[in-house]
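Asker: Pasting a structure here, questions to come.
No value in this document is a laboratory result; all are computed from the given coordinates. On a predicted model such as this, the values are computed, not experimentally measured, just so you know. Cβ placement follows ideal geometry from the backbone for every residue including glycine, while neighbour counts extend to all protein chains displayed.
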Amino acid sequence: MRKTENKALRFTRIHLENWRNFTQADAELQRRVFLVGPNASGKSNLLDVFRFLKDIASVGGGFQEALRRRQGVSRLRSLAARKKPDIRICAHIGNDENPIAWAYELSFTQDKQRHALIKSERVSRNGIEILNRPDEKDQSDPERLVQTHLEQVYANQEFRDVSDFFASVRYFHIVPQLVREPDRSVGKQNDPYGGDFLEQIARTPENTQKARLRRIVEALRVAVPQLVDLELERDIKGAPHLRGKYEHWRSQGAWQTEEQFSDGTLRLMGLLWTALDGSGPLLLEEPELSLHPDVVRFIPQMFARIQRRYGRQVLLSTHSPDMLRDQGIGLDEVLLLLPENEGTNVRAAGTFTEVKELLAGGLSLPDAILPRTRPRNVEQLSFSFVD
Amino acid sequence: MPSDIRLNISGAVEGLVDETVIRRLVREAGGSLDRVYGRNGKTHLKRDLGGYNHAAQHAPWVVAVDLDHDAECAPPFCRQWLPQPATHMCFRVAVREIEAWLLADREHLARHLSVAILRVPPNPETLDDPKQTMVNLARNSRRRDIREDMVPRQNSGRTVGPAYSSRLIEFAETEWRPEVAARQSDSLRRCRERLRELISNWIPE
């Protein structure tokens, strides 16, 4: 029962203050989120908030560890912040019917000895507050403020769903060469860079594995229509290999192993496997890399169909006009990251009247939004080298 | 020579659904759609049409475009877009959108979308906005997955749902019957005829 409930949960809103290059940002989040912006506008930094929450809530993680992985509070704090204000993160979790089923808020700073300290931690469920720190115990023992309640099993009992939800976030940035040469990443488990992608498939119970591979073939059919079957087999050394059956109009069909798959196909399979593996929010960094533009165009549709089935949220960063060309991408699903002097602004494409008018006049979505995400002083870049 | 050697044809279309439809029609006419250009909407297609026409002096080409509301009917539209089609250019116009060609196979579309056949309008070429008709049909689907894939969410600001094209591609690829649809859509009937002529009259240079 609880599982299906969890499945539909997603991040519905994120509010940030002084987080990396976001002095202040606030955005509603749909089931699919496309982060679009120039280089260094903070697409990865925005995705990193969700990884940060995951790191706090995960086994082996925690608040201090999550900060250590990011080299401390001062590295996280927005450069645009002149004083040394608190970093604040507020996330809403829910679904379409109840967008604020949960609200989690955390603000923190560091003391003079550069120790990270929690300034406040709040949790509410359906608008009713169930945690508000610092409380009396924190005041009498400030040492408590080095840990969140989120990370503590005995303290988060009332909001375990939030903790489980954060821990279920997954980050993915597959590199095809690593899949081909797994030696480079021996021993890594759940490697976000795809090093153990084939091992992950091999570890999955056979029935689930077969069902997922079948769904991947189904999803791929729109882009790779000749692929009719996919299966996992082991070589004499026991190493797993993927092989796919292609249908050719001349022959009975032929099997190919992953060495023969194009980098693009392999990457796409990795993407789809990950999308099917787990139910928490999925963070994808530029999934278009190394894919043919023709295939990239199908990514939004593939995710839409997988999502409809499993309700899983996907947040991805992209530079690709081909990805954004899909007519089914909602204007509320596209977040534009717009660098300003005081840090990067985040706005949904649909909040710009001009974007709507350009679309109504026949422009495609990338043609309507990408000029906005062009670095403002791109023509001055060449001068800055001369200065 | 084996009998299954097919004539390779180059093509240019507005989008992905159009590509699938044209691919199907070329295959059916005995050819094979080899390279596909465009797929970036109508404006880009119009811009590059001169190039496609130039190439069609020496090789078979098919270009398909939606009439939309650019003209009352196809002939003035063709004169405006392509006054002098090259020898091997098959320039076809869908009245008013390629969706009308899919709507024209009423029985199979109704089955594919899980709607009553009576909901599928009988004269697709008279429709003002076939894409909207398609979306509205999906809205009435008995299947939730079809509604969620094809109908836009309330605040999306778009005219179609998140997996609209892949649903139509699936239909055009599998269940759609061009020969049945051509009885309901004159522009489709002509397209099939011209493609057949293009392929059967082809003499390699």
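Asker: Past 32 Å, Cα to Cα: identify those pairs from A:Lys84/A:Lys137; A:Lys356/B:Lys46; A:Lys43/A:Lys84; A:Lys84/A:Lys356, in the order given. It would help to have the intermediate numbers written out before the result.
Answerer: Working: A:Lys84/A:Lys137 26 Å; A:Lys356/B:Lys46 23 Å; A:Lys43/A:Lys84 23 Å; A:Lys84/A:Lys356 39 Å.
In this structure, A:Lys84/A:Lys356 lie more than 32 Å apart at Cα.
Asker: How far apart, in nanometres, would the label points at A:Glu97 and B:Val180 be if each is projected 7 angstrom from Cα along the Cα-to-Cβ direction?
Answerer: Roughly 3.8 nm, to one decimal.
Asker: Also: Once you wrap a convex hull around the alpha carbon atoms of the range B:1-93, what is its projected area averaged over all directions, in nm²?
Answerer: On the way: hull surface 24.8 nm².
Mean projected area of the Cα convex hull: 6.2 nm².
Asker: Whole-Å semi-axes of the range B:100-177's equivalent ellipsoid, largest first, each the root of 5 times a Cα gyration tensor eigenvalue? Write down the numbers at each step before the final one.
Answerer: Numbers: eigenvalues 68, 39, 27 Å².
They are 18, 14, 12 Å, listed largest first.
Asker: Given the rule -39500 (n - 2.57) for each run of at least 4 DSSP H residues, summed and divided by the residues of chain B, what is its mean residue ellipticity at 222 nm, to the nearest 500 deg cm²/dmol?
Answerer: Working: 10 runs with 96 residues, N = 205.
Calculated from helices alone, the mean residue ellipticity at 222 nm is -13500 deg cm²/dmol.
Asker: Separate question: Report, largest value first, the span of the C-alpha coordinates of the range B:1-45 along each principal axis, in whole Å.
Answerer: On the principal axes, the range B:1-45 reaches 42, 14, 11 Å in Cα extent.
Asker: Further question on the same structure: Applying 1/(1 + (r/R0)^6) with R0 = 22 Å to the Cβ-Cβ distance of A:Glu65 and A:Ile130, what FRET efficiency is obtained, to the nearest 0.05? Could the numbers behind the result be given before it?
Answerer: Details: r = 25 Å, r/R0 = 1.13.
Rounded to the nearest 0.05, the efficiency is 0.35.
Asker: With N set to the residue count of the range A:101-144, report its C-alpha Rg divided by 2.2 N^0.38 Å to two decimal places. If you can, show how the numbers build up before the last one.
Answerer: Values: Rg = 12.2 Å, N = 44, 2.2 N^0.38 = 9.3 Å.
Taking N as the residue count of the range A:101-144, the ratio is 1.31.
Asker: Ordered by residue, what ³J(HN,Hα) values in Hz, to whole numbers, does the range A:57-66 give under the Karplus form 6.51 cos²θ - 1.76 cosθ + 1.60, where θ = phi - 60° and Gly and Pro are x?
Answerer: So the Karplus estimates, Gly and Pro as x, are 7, 7, 4, x, x, x, 4, 5, 5, 4 Hz.
Asker: Okay, next question. Rounded to two decimals, what ratio of Rg to Rh does the range A:37-82 give with C-alpha atoms and a Kirkwood Rh?
Answerer: A ratio of 1.03.
Asker: Quick one: putting +1 on the C-beta of Lys and Arg, -1 on the C-beta of Asp and Glu, what dipole do you get for the range B:100-177 around its Cα centre, in Debye to the nearest 20?
Answerer: Details: 13 positive and 11 negative charges, 76 e Å.
Here the range B:100-177 has a charge dipole of around 360 debye.
Asker: What are the GluC sites (Glu not before Pro) within the range A:1-109 that DSSP puts in a loop, where the Cβ has at most 10 other Cβ atoms within 10 Å? Could you put the intermediate results ahead of the total?
Answerer: Details: sites: A:Glu5, A:Glu17, A:Glu28, A:Glu65, A:Glu97, A:Glu105; in loops: A:Glu97.
Hits after loop and neighbour filter: A:Glu97.
Asker: What is the set of long-range amide H partners of A:Asn345 at a cut-off below 5 Å, with H atoms built 1.01 Å from backbone N?
Answerer: A:Leu338, A:Glu340
Asker: Please report the antiparallel percentage of DSSP beta bridges with both residues in the protein assembly as shown, rounded to the nearest 5. It would help to have the intermediate numbers written out before the result.
Answerer: Values: 52 of 82 bridges.
Roughly 65 percent of the DSSP beta bridges within the protein assembly as shown come out antiparallel.
Asker: Please list, or write none, the lysines whose alpha carbon is within less than 23 Å of the alpha carbon of A:Lys210, excluding same-chain residues fewer than 8 places away.
Answerer: By straight Cα distance, A:Lys210 reaches A:Lys3, A:Lys7, A:Lys237, A:Lys245.
Asker: Additional query: How do A:His292, A:His149, B:His88, B:His54 line up, fewest other C-beta atoms within 10 Å first?
Answerer: So the ranking, lowest neighbour count to highest, is B:His54, A:His292, B:His88, A:His149.
Asker: Show me, bin by bin at 5 Å from 0, the whole-percent P(r) of the range B:13-160 based on Cα pairs.
Answerer: 2, 9, 16, 19, 19, 15, 10, 7, 3, 1
Asker: What's log10 of I(q)/I(0) for the range A:52-135 at q = 0.12, 0.20, 0.23, 0.26 Å⁻¹, Debye sum over Cα points only, no solvent?
Answerer: For the range A:52-135, the Cα-only Debye profile gives -0.41, -1.00, -1.17, -1.29.
Asker: Going by C-beta contacts inside 10 Å, put B:Asp18, A:Asp138, A:Asp111 in order with the fewest on the left.
Answerer: Details: B:Asp18 27, A:Asp138 16, A:Asp111 11.
Neighbour counts put them in this order, fewest first: A:Asp111, A:Asp138, B:Asp18.
Asker: Could you give the radius of gyration (one decimal) and Dmax (whole number) of the Cα atoms in the protein assembly as shown, in Å?
Answerer: In Å, with Rg to one decimal and Dmax whole: 26.9, 93.
Asker: Still on this structure, please answer the following. Given R₀ = 22 Å, FRET efficiency for A:His292-A:Lys245 by Cβ-Cβ distance, to 0.05? Could you put the intermediate results ahead of the total?
Answerer: Numbers: r = 21 Å, r/R0 = 0.95.
So the FRET efficiency works out to roughly 0.60.
Asker: Can you pull out the trypsin sites (Lys or Arg not before Pro) in the range B:94-164 that DSSP calls coil and that have at most 13 other Cβ atoms within 10 Å?
Answerer: Details: sites: B:Arg96, B:Arg106, B:Arg111, B:Arg119, B:Lys131, B:Arg139, B:Arg142, B:Arg143, B:Arg144, B:Arg147, B:Arg153, B:Arg158; in loops: B:Arg96, B:Arg142, B:Arg143, B:Arg153, B:Arg158.
Filter output for the range B:94-164: B:Arg142, B:Arg143.
Asker: Can you compute the charge dipole magnitude of the protein assembly as shown about its Cα centre, using +1 on each Lys and Arg Cβ and -1 on each Asp and Glu Cβ, nothing else charged? Give it in debye, rounded to the nearest 20. Provide the component values of the computation, followed by the final result.
Answerer: Working: 87 positive and 83 negative charges, 105 e Å.
Once rounded to the nearest 20, the dipole reads 500 debye.
Asker: Which ordering of B:Ile146, A:Ile87 is given by a fewest-first count of other beta-carbon atoms within 10 Å? Don't skip to the answer; put the middle values down first.
Answerer: Numbers: B:Ile146 22, A:Ile87 25.
The order, fewest Cβ neighbours first, is B:Ile146, A:Ile87.
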